[in-house]
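The values are calculated or read from the model by the stated rules, or taken from the named source; none is laboratory data. Being a predicted model, the structure only gives us computed values, none of them experimental. We place every Cβ from the backbone using ideal geometry, glycine too, and count neighbours over all the protein chains shown.
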């Protein structure tokens with residue numbers, strides 16, 4: 001009975017079944033994301049392996065602040081970690097603002113969630129990237145037509 005099936009036929013059937021399964025799961029759970037990428041509302045973003053800020057929920061280890069260096073000179077890897085924090089914050093801000101546009105949040109609720117998100121990155125608050133992140137908040141809000149936020153309001157969110 002099983003002697004009529006070759007390995008080549010078996011592999012083709014398994015590949016077709018797996019492809020159909022992943023297409024089903026992709027369209028079932030990520031259909032809205034596919035529509036946003038295709039319509040151009042969101043850019044396709046690939047996550048790096050080993051990125052500590054992969055998901056929306058971070059472990060307690062990632063939320064702890066690193067101790068400040070004892071000397072007056074910044075530590076060797078301090079700029080690199082700050083830049084990684086900025087990169088992670090930018091990704092989370094973009095996804096949050098896009099979700100807020102979908103859910104049509106009220107301005108008070110929107111600013112409250114932004115303040116909570118910005119508090120998770122204290123190293124960015126004290127860095128030179130702070131104004132750039134604030135400008136990003138203003139431009140993303142204008143681009144996605146969510147809540148209108150001015151530059152002064154965006155700077156006030158850090159406090």
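(1) part of a helix (DSSP H, G or I); (2) modelled with pLDDT of 65 or more: which one isn't true of residue 61, the others all being true?
(2)
Given the options 94, 104, 35, name the one that is loosely packed, with under 14 Cβ neighbours inside 10 Å, modelled with pLDDT of 85 or more and under 30 Å from residue 141 (Cβ atoms).
On the way: 94 fails: loosely packed, with under 14 Cβ neighbours inside 10 Å; 104 fails: modelled with pLDDT of 85 or more.
On inspection, the qualifying residue turns out to be 35.
Being at pLDDT 50 or above, out of contact with any helix residue (DSSP H, G or I) (no Cβ under 7 Å at 6 or more places or on another chain), closer than 17 Å to residue 128 by Cβ and outside any helix (DSSP H, G or I): is that true of residue 74 here? Working first, answer last.
Details: at pLDDT 50 or above: yes; out of contact with any helix residue (DSSP H, G or I) (no Cβ under 7 Å at 6 or more places or on another chain): yes; closer than 17 Å to residue 128 by Cβ: yes; outside any helix (DSSP H, G or I): yes.
So residue 74 passes the test.
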